[in-house]
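Visitor: Below you will find the structure I want to go over with you.
The values are calculated or read from the model by the stated rules, or taken from the named source; none is laboratory data. The shown structure was predicted, so the numbers you read here are calculated from the model rather than taken from an experiment. Cβ: placed from backbone, ideal geometry, glycine included. Neighbour counts: every protein chain shown.
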Amino acid sequence: MAAYDYDLFVIGAGSGGVRAARLAATWGARVAVAEAYRVGGTCVIRGCVPKKLMVFASAFGREFELAQGYGWTVGERSFDWKTFLNHKDLEIARLSGIYTANLEKAGVELIRARARFADPHTIELIGQGRQVTAERILIATGGRPKLPEGLDGIEHAITSDQAFHLDALPERVVVVGGGYIAVEFACIFKGLGSDVTLVYRGANILRGFDEDVRAHLGEELVRRGIKLALGVQHARIERRDDGRLVSHLSEGLKLESDQVMFATGREPYVEGLNLEAAGVQLNERGAIAVDAFSQTTAPHIFAVGDVTDRVNLTPVAIREAMAFVETVYRGRPTKYDHADIPTAVFSQPPVGAVGLTESEARKRLGAVDVYLTRFRAMRTMFAGQEERTLMKLIVDRGSDRVVGVHIVGTEGPEVIQLAAIAVKAGLTKAQWDETTALHPTVSEELVTLREKYVPPELQAAE
Ligand SMILES: Cc1cc2nc3c(=O)[nH]c(=O)nc-3n(C[C@H](O)[C@H](O)[C@H](O)COP(=O)(O)OP(=O)(O)OC[C@H]3O[C@@H](n4cnc5c(N)ncnc54)[C@H](O)[C@@H]3O)c2cc1C
C-alpha cells in the first residue's frame, strides 16, 4: 500500500497549478488538485482573458471613428454592457470547462475545496470534513488584489475582481493606481464611453517600464481623453445619499464618480494556508520563499506562480510549473530563466517591452546606444489622428547586442513576442539591421533604425 494518498497534491487550479498537475500526472504521478473557486484561476476567470475581451470590446468605438476617415458612413452606434458580459461569461465558462476536462483527461483528481496544511504531508479540505496526504505538495494559490488599509470609505471601492461583473457601465469612473491593471482598465472604461480619471500618487504611470514609454503613453492617454491626476492620493471616499461617490484627494481635490476602482497592487494569496504547520516560510515581501527550483523551506513542498511574487505573469507561472515537473518527476533539474520575459500593457495604444530599460542598461552595462523613433503610423494618420507610435532599441555598445526593445503603439505586444526571440538569442544590432524590412508595416522601423538617439539630458556629455 502506498504511504500517501497522492504522489503530488496541488493547491490552486490556476495557470501554474493546472499545468503542473497535468504534466506530473502524464509522467505517472498520482495527482490531486484542490480549487477553492473556479478552475482556470485568475488568468482565465478574472485576469488576462476577460480583460483582453474587454479591451477588444472597448476598442471598437475608435475603429468606427477611423472607418469614417476611410470613407465609411457609420450609422448609429450603441454598446450594450449586459450583452457583452453575458457573452464574456459564456466564454469564460467554456474555457474553465476545457481546463477541467484536460485535468480529467490527464487523470488528475479535481477536488473543489479550499485547502490548508494540517501538517507537512497532510492537507485539510475545508468544508469536506476530511484530510488527505501527499508525498509532495505544490502551492500555486496565486495572488489577489490588495486594498489600502485604514482608508476611510474603502468599502465603497471595487477592485479588478468586481470590474468584470458590474451591473452597469459607470458613467464616471475613478481608477486608482499606476500599474498595468489600472492603466488597462482606465482605457477599457474610456473606450466603452465612461468619463475616466486615473489617480496615481506617483509622478508618472507604469513604474518599472522605460522612462520614454511611460512619458509617451501618458501623453497618448491624455490625447484619448483620460484625465490623469498624478502626484495625488485618496484621503477618503464618501458615498452620497444618491449613491454617487466622492473621492477626497490630497491637495483638497474632490472627484465625483459612479465607481471607484482600486488597482494599487496585488499580494500573494497565502492567507489561511496554515504554512507554519508545514514549515514553509515567507520572504520579506510576504511571498512564499523559494529557491531557483521553486523549492520552499520544506524540501518536499514547492511553490510556483504569483504566490512566489517573482514575475507575476501567466506564462511565467506555467514555465515555473514545467520546470518543477522536469526537476521532480523527470529527474532533470531545471531552473526557469526569468531573464528577458516579454511583457505587455494592453492599454490603448498598447505597450510591448522586452529586456532592459535604458536606465537599467546604463546601470548594468555602462555604455549603451539608444535608437528611438516617434512617428504617426500610416493607418491612423490617414484618418486624421494625431496618435504617435514609439519604438526604442537599447544596444550594449561593447557587444552590439540588442538588450531591450520597447514599443508603444498598435500591435506593440504582437511585435514584441517575436522581438523577444532575438533578444533572448542575444542577436546584435548588426544582425537586426541585416534583416530585410517588410514594407509597409509599422515594425519595419525596428530594422531600419540607423541614427543613435542621445537623450537631451546627456547631449552635453556625449
Ligand atoms: C486583471 C488582471 C489582468 C491580468 N492580465 C494578464 C495578462 O494580460 N497577461 C499575463 O500574463 N498575466 C496577466 N495577469 C496575471 C495572471 O493572471 C497571473 O500571473 C496568473 O494567473 C498566475 O497564475 P498562478 O497559477 O500563480 O495563480 P492563479 O491563476 O491566480 O491561480 C490560483 C488559484 O488558486 C486558488 N486558490 C487560492 N487559495 C486556495 C486554497 N487555499 N485552496 C484551494 N485553492 C486556492 C484560487 O482560487 C485560484 O484559482 C493578470 C492579472 C489580473 C488580476
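Here's the yes/no breakdown for (1) within 19 Å of residue 12 (Cβ to Cβ); (2) basic (Lys, Arg); (3) near the ligand (Cβ under 10 Å from one of its atoms):
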{"site": "302", "(1), (2), (3)": "yes, no, no"}
{"site": "313", "(1), (2), (3)": "yes, no, yes"}
{"site": "334", "(1), (2), (3)": "no, no, no"}
{"site": "339", "(1), (2), (3)": "no, no, no"}
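Visitor: Moving to a separate point now. Which residue, of 284, 271, is part of a loop (DSSP other than H, G, I, E, B), out of contact with any helix residue (DSSP H, G or I) (no Cβ under 9 Å at 6 or more places or on another chain) and under 25 Å from residue 178 (Cα atoms)?
Guide: 284
Visitor: Which of (1) of a type outside the set (Gly, Ala, Ser); (2) surrounded by fewer than 18 Cβ atoms within 10 Å (Cβ to Cβ); (3) free of Cβ contacts under 8 Å to residues at least 60 places away in the same chain; (4) not assigned by TED's automatic domain parsing to the domain that holds residue 204 is the odd one out, the single condition residue 167 does not satisfy?
Guide: (4)
Visitor: Within the range 327-375, take every residue that is among the acidic types (Asp, Glu) and out of contact with any helix residue (DSSP H, G or I) (no Cβ under 6 Å at 6 or more places or on another chain) and give me the one that is surrounded by the fewest Cβ atoms within 10 Å (Cβ to Cβ).
Guide: Result: 337.
Visitor: Considering (1) crowded, with 21+ Cβ neighbours inside 10 Å; (2) over 23 Å from the mean Cα position of the chain (by Cα); (3) farther than 17 Å from residue 452 by Cβ, say which one residue 386 fails and leave the rest.
Guide: With respect to (1) crowded, with 21+ Cβ neighbours inside 10 Å; (2) over 23 Å from the mean Cα position of the chain (by Cα); (3) farther than 17 Å from residue 452 by Cβ, residue 386 is out only on (1).
Visitor: Counting just the residues of the range 1-51 that are assigned to a loop (DSSP other than H, G, I, E, B) and among the acidic types (Asp, Glu), which one comes out farthest from residue 311 (Cα to Cα)?
Guide: Looking at residues that are assigned to a loop (DSSP other than H, G, I, E, B) and among the acidic types (Asp, Glu), I get 5.
Visitor: I would also like to ask the following. How many residues does the range 147-176 contain that are in a loop (DSSP other than H, G, I, E, B) and away from the ligand (no atom under 11 Å from the Cβ)?
Guide: Looking only at that region, the number is 14.
Visitor: Return the residues of the range 345-391 that are in contact (Cβ under 8 Å) with a residue 60 or more places away in the chain, of a type in the set (A, V, I, L, M) and under 19 Å from residue 427 (Cα atoms); say none if nothing qualifies.
Guide: 353, 354, 370, 372
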